[in-house]
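Trainee: Quick one: the structure is below, questions incoming.
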Amino acid sequence: MRRFNVIFFDKIKQKHFFFLFVFILHVSILFAPGTSIPVIGMKKTIQSIFTIEFIVGIIVFFLFFFKEELISIEKIKAASVALFILLLIQFAYYSLGTHNAGLMTITKNNISTILMLVLVAPFYEEVFYRGCLLDFLKPLTSGLIFPIMATSVTFSLIHTQYSSLTDHFVLFFISVILCAVRIMTKSLLLPYVLHMLMNLFVFSISVQGFY
């Protein structure tokens, strides 16, 4: 047992435990609305969560991941293929009818929330899931299947606003693709851009009008 502990702690460096701590912090912040909504209201609670998560994500990104960001034509090509697959998944999901296409109206009251969902949330989700969680799990096994699967299952289940199995399966598969891009390109910015463009596509087919 002692030998196992030594081997385990040799493989998991100090920064990986910090990644786990950051991810737990992210989940704690994410589920904070239950206590803050009665005090400051829904809108301010959501804006506060987005802001805090984004600030933490920015700090973690520049401390641990920014130095890995070396973008090349080959990486962009790989990301482009992944983007095509992601948009194809969303279009297929749209075709099944399990969507809100044409039911959303953009107003001055919800434009800030939409921008946060398109620009801000994808960034900190990539840092926390494809960055911290995935990098914490990778040293635990010799292969990549377990880290990718575990990260993707967690990413899917944490989106509690979705209820159907189809929703969670789509989220899982999306995460698998984003994990693959992260591992292949050693970049978090490319998965972020893909995530952002995918969210933008989803919102673009959901818009009924502007008021």
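Just so it is clear, none of the values below were taken in a lab; they were calculated from the coordinates. Predicted model, so just to flag it, every value in this text is computed and none were measured. Virtual Cβ from ideal backbone geometry, glycine too; neighbours counted across all protein chains shown.
Trainee: What does the charge count near Leu119 come to, summing +1 for each Lys or Arg and -1 for each Asp or Glu among other residues with Cβ under 13 Å from its Cβ? Mind showing how you got there, number by number?
Mentor: Numbers: positive: none; negative: Glu53, Glu125, Glu126.
That sum, taken over residues with Cβ under 13 Å, equals -3.
Trainee: According to the square roots a ≥ b ≥ c of the eigenvalues of the Cα gyration tensor, what is the shape class of the range 116-211, taking rounded for a/c under 1.5, prolate for a/b larger than b/c otherwise, and oblate for the remainder?
Mentor: Working: a/c = 2.48, a/b = 1.63, b/c = 1.52.
Prolate shape, in that a/c is at least 1.5 and a/b is the bigger ratio.
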